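For reference, the structure discussed in these notes is given below.
Every number in this text was worked out from the coordinates using simple rules, so none of it is lab data. Quantities reported herein were computed from a predicted structural model and do not represent experimental measurements. A quick note on method: Cβ atoms are made from the backbone with ideal geometry, for glycine too, and the neighbour counts reach across all protein chains shown.
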Amino acid sequence: MTRLTILEYPDARLRTRALPVTVFDAALQALVEDMFETMYAAPGVGLAATQVDRHLRLITADCSEEQNRPLVFINPTILSQTGQSELEEGCLSVPRFYEWIGRAECITVGALDRHGKAFELEADGLLSVCIQHEMDHLEGKLFVDYLSELKRGRIRNKLEKDRRGRAL
């Protein structure tokens, strides 16, 4: 397995809309494994392929305390959603920043597993937020897009300053 590089905001590649997965081959299986390796090492609870510069409709997630319930969502679609909740979200592509974001409280998602088998999953709490957050990535959207332009600008400037500092 390989740890992949996670793109950071405001990298323009994060704005790319992901394409549907149509081939379930060894390369896809390797990408899934590499995404889990990257997600767990970061550490994070979810990762969209877009974040690692692979523009496919693929999400890995594991919201368990023990990190022992890995989930793969390929070509996911939200089939239903109910309620409204607000949780503090962070993002591996926007490191060290957390903001309160409103999302559906409960969702039912339809997707394909890593082998192309269709399934549906009902999710609430952190898993619901995680899936919605990662699905936004597949559309080229980040959680900072839910914030005011002022907050977005401050975050962008801070991250760019940090990157310049690391480059020295």
Cut-off 10 Å between beta-carbons: net charge of the residues surrounding ARG103, Lys and Arg +1, Asp and Glu -1: -4
Listing ARG156, ARG96 by rising number of other beta-carbon atoms within 10 angstrom, fewest first, gives ARG96, ARG156
When we measure straight from the Cα of LYS161, which aspartates and glutamates land under 19 angstrom away, once same-chain ones fewer than 8 places off are left out? GLU8, ASP11, GLU149
Once you have the alpha carbon radius of gyration of the chain, what is it after dividing by 2.2 N^0.38 Å, with N set to its residue count? 1.01
Residue-wise, which Karplus ³J(HN,Hα) couplings in Hz belong to the stretch 73-82, taking 6.51 cos²θ - 1.76 cosθ + 1.60, θ = phi - 60°, and x for glycine or proline? 10, 10, 6, x, 9, 7, 8, 7, 8, 9
Based on other C-beta atoms within 10 Å, arrange VAL109, VAL21 from fewest to most. VAL21, VAL109
In the chain, if the dipole is taken from +1 on Lys/Arg beta carbons and -1 on Asp/Glu beta carbons about the Cα centre, which of PRO76, LEU147, PHE24 is farthest to the positive end? LEU147
Put a dot 7 Å past each Cα toward the Cβ at LEU79 and PHE24; how far apart are the dots in nm? 1.6
Among the lysines, which have Cα under 28 Å from the Cα of LYS117 when same-chain residues fewer than 8 positions away are ignored? LYS141
Of the DSSP H helices in the chain, the ones reaching 15 Å or more along their long axis in Cα terms and averaging at least -1.0 in Kyte-Doolittle hydropathy are 26-41, 125-138
For the stretch 5-84, rounded, prolate or oblate, judged on the Cα gyration tensor with a ≥ b ≥ c (square roots of eigenvalues), a/c < 1.5 rounded, else prolate if a/b > b/c? rounded
About its Cα centre, what dipole magnitude does the stretch 12-167 give when the only charges are +1 on Lys and Arg Cβ and -1 on Asp and Glu Cβ, stated in debye to the nearest 20? 980
